[in-house]
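Novice: The structure follows.
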Amino acid sequence: MALASATAPTLALVAPLVALLGGLAATPARSAPGDAAVHPWLGGRIGVQVQGLTPELREHFSAPQDRGILVARVEEGRPAHRAGVRVGDVLVEAGGEPLRHSSDLLRIVTTAPAGEPLELRLLRKGKARTLSVEPESTPHAALPPGAWEGWERWFEPGLRHGSRALRERLDELEDRLEDLERRLEAGDARPEPT
């Protein structure tokens, strides 16, 4: 019973999240004449996987306390590999912006113009280096221009249902809270049976 009631709000929040992602996908596409459209949230790629630094890793790699993410994987033949990025490098800046979380790199790379150099500052074996990487665009054969037109017909029912379910759950919780407040005022502080 507790599990079902605990997951109801979670499930109710999924539909609005999906609708939000649909809204992001509906933003205008970036494109160059003759190129496939590239949606901002699916933009450039450099071919690395990164992870955050624990205090122990930060100390081991001599990374600064206020920034740095660890390169865990470099895909062969991709822009980062061609630029000389290696597993074990600690990326500290991309495009002049500090990297504190892996999401910082994702945001910077996906919004960088494809084919234009992006400067990466990194530490390798405790020594600072600067490399230039050119993010590659990711053509979307599965997402041709205009593919997200009319997205609301797919996501709006879920958003309406999720909002309604969330409102019902909040109303139920408010009723239970009011009941508990009444019982506390009356001196009956025993927990409500479940």
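Novice: Read through the list (1) surrounded by 16 or more Cβ atoms within 10 Å (Cβ to Cβ); (2) in a loop (DSSP other than H, G, I, E, B), then give the number of the only condition that GLY77 fails.
Specialist: Every listed condition holds for GLY77 apart from (1).
Novice: Being at pLDDT below 95, part of a strand (DSSP E or B) and either touching a Cys at 6+ places or on another chain (Cβ under 9 Å) or β-branched (Val, Ile, Thr) (or both), is that true of even one residue in the range 101-119?
Specialist: Among the residues of the range 101-119, not one is at pLDDT below 95, part of a strand (DSSP E or B) and either touching a Cys at 6+ places or on another chain (Cβ under 9 Å) or β-branched (Val, Ile, Thr) (or both), which makes the answer no.
The values are calculated or read from the model by the stated rules, or taken from the named source; none is laboratory data. Because the structure is a prediction, the values reported are computed rather than measured. So basically every Cβ, Gly included, is an ideal-geometry build from the backbone, and we count neighbours across all protein chains shown.
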